[in-house]
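Reviewing the structure listed below.
The values are calculated or read from the model by the stated rules, or taken from the named source; none is laboratory data. In this text the structure is predicted, and so the values were computed from the model without any measurement. Backbone-built Cβ (ideal geometry, glycine too); neighbour counts: all protein chains shown.
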Amino acid sequence: MQHISSRLIHGLPDSQASDFNRSLKTPIYESASFDFETAEDAEKAFTGETDAFAYSRISNPTVTELQNRLKLFSNAEQCLCVSSGMAAISNVFLTLCSTGDNIITSQYLFGNTLSFFAKTIRSFGIEARFSNLEAPQSILDNIDEHTRAIFLELPTNPQLIFFDVPAIAKIAREKRIPLIVDNTVLTPYLFPCQQYGVDIEIFSNTKFVSGGATSIGGTVLVYGSDKWAHNPKLAVDYEKFGQDAFFKRLYKEVYRNIGACLSPNNAYLQLLGLETITLRIDRIMDNTLEMARFLQNQPKVLKVRYGALENDPGYAMAMELTKGKAGCLISLELENKAACYLFMNALQMIRRGTNFCDNKSMIIHPASTIYWDFSPEDKQRMQISEGLLRLSVGLEAIEDIKSDIQQALSLL
Ligand SMILES: Cc1ncc(COP(=O)(O)O)c(C=O)c1O
């Protein structure tokens, strides 16, 4: 079998042949609707007898090619691309949960994911039980017969904690609860969910997949699982579709009713992104490790977190799960908010921005931006201190990233 970088560039053997002009790039099918030769063909497309394209909120050739390429990337059984990472999360939980259900997760989450769990699904009577995912007993204590999922980010953003995924997957297996991982920071290239008992993987395409922040998008990947049989909402689907139960309910009902489909143009940009993703990630991993080591030796930097540093609490787990390629994010702490602002404003090349896995290095002060509307107590609980900065290391020459950081630190 070819290396993943070659497969991502070429796609499935018939993907070029399927374009009637044999275009070497996947064409952008910017069309809302598709023509049927006969009324019978239309009926077959709607009943699912054929997978002919009918309407782009439901399926689209450019988006389908991206989904096929992401299946190659991850070895997932099924893939659905949607309009954003948040759309991926909301589609998944609205498929799995009904009023009265609960999910287990950690308090260490991306801000909108946290708000989705703490506020949005709560108003539908679905409870997020924020547990200590580093302590198996806390997970077990919170599970009951209405628990429909365990959800985690790897590593957590911005604390950069590496959970013991094999231990959590063991609990999920024993309790027959789907394990869902947000793999935005690592992607299937660095953390192959399939090998660790993950049932559903989601990520934001906006980051690495888009080719360095060209567009917004999200992905849901589903691995073979029988756990759907134990979810009353999916039990009927399981009788009909077996392992496909979750995906059928997601694709045939929730996804098309919510309407957060990916635009064909964004799918095209994300297909281009996949062609270079392994190259970009390899270079960014080298840059990030070097920057983490560099920052550790700066007296003005009080603390650095990066899983691939030998003295990081997550080191053993990062080595086991990602072979030490721990993502593009580094968390660092300066003395206080004023020091952070002085440092950020002095940067000349590194951008002040809220994305990550971009080609450009980027920095943000999480407490005053992503988490601005959380109380000081909440921020303290989530380890979002006033001195915390999140650096996303980009593709630039490492000497340039270092010298920009150095000149800004020298002003403190
Ligand atoms: C870990 C993580 N998951 C999900 C999302 C949401 O992705 P999107 O912005 O594409 O909706 C983000 C956004 O930054 C994120 O950091």
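Worth a mention:
- Complete set of residues in segment 109-144 that are closer than 15 Å to D378 by Cα, among the aromatic types (F, W, Y) and out of contact with any Leu (no Cβ under 8 Å at 6 or more places or on another chain): F110, F130
- Meets criteria (in contact with an Asp or Glu (Cβ under 9 Å, 6 or more places away or on another chain), more than 27 Å from R57 (Cα to Cα), away from the ligand (no atom under 16 Å from the Cβ) and not hydroxyl-bearing (S, T, Y)) for K170: no
- Selection over segment 1-23 of residues that are part of a loop (DSSP other than H, G, I, E, B), at pLDDT 85 or above and within 22 Å of L262 (Cβ to Cβ) gives a count of 2.
- Residue pairs meeting the criteria (Cβ under 7 Å; at least 6 apart or on separate chains; first under 14 Å from E253 (Cα atoms), in segment 90-103; second hydroxyl-bearing (S, T, Y)): N91/Y255
- Number of positions in segment 66-97 that are β-branched (V, I, T) and over 25 Å from Q195 (Cβ atoms): 0
- Segment 180-207 residues that are over 21 Å from L272 (Cα atoms), paired with ones that are more than 12 Å from the ligand (Cβ to nearest atom) and of a type in the set (D, E) (beta carbon under 8 Å, 6 or more apart): I180/D199
- Number of residues in segment 222-235 that are touching a Leu at 6+ places or on another chain (Cβ under 8 Å) and either charged (D, E, K, R) or within 14 Å of the ligand (Cβ to nearest atom) (or both): the value is 1.
- Set A318, A326: member being under 30 Å from L66 (Cα atoms), part of a helix (DSSP H, G or I) and modelled with pLDDT of 95 or more: A318
- Selected residue [in contact with a His (Cβ under 8 Å, 6 or more places away or on another chain) and at pLDDT 95 or above] from G85, G100: G100
- Restricting attention to segment 368-401, the residues being touching a residue at least 24 places away in the same chain (Cβ under 8 Å) and under 23 Å from L186 (Cα atoms) number 16.
- First in segment 290-308 and free of Cβ contacts under 8 Å to residues at least 60 places away in the same chain, second anywhere and aromatic (F, W, Y), Cβ under 7 Å, 6 or more apart: A292/Y306
- For F163: the one exception among (1) within 14 Å of the ligand (Cβ to nearest atom); (2) modelled with pLDDT of 95 or more; (3) crowded, with 24+ Cβ neighbours inside 10 Å: (3)
- If you go through segment 132-146 and pick out every residue that is crowded, with 21+ Cβ neighbours inside 10 Å and either away from the ligand (no atom under 16 Å from the Cβ) or under 27 Å from N257 (Cβ atoms) (or both), you end up with 1.
- So E153, is it free of Cβ contacts under 8 Å to residues at least 24 places away in the same chain and either farther than 26 Å from D312 by Cβ or surrounded by 18 or more Cβ atoms within 10 Å (Cβ to Cβ) (or both): no
- With respect to the stated conditions, D182 fails to be crowded, with 22+ Cβ neighbours inside 10 Å, more than 14 Å from the ligand (Cβ to nearest atom) and not small (G, A, S).
- Scan of segment 91-109 for residues that are within 15 Å of the ligand (Cβ to nearest atom) and surrounded by fewer than 21 Cβ atoms within 10 Å (Cβ to Cβ), ordered by number: Q107
- Residues that are surrounded by fewer than 16 Cβ atoms within 10 Å (Cβ to Cβ) and part of a helix (DSSP H, G or I) within segment 290-315 comprise E290, R293, listed in sequence order.
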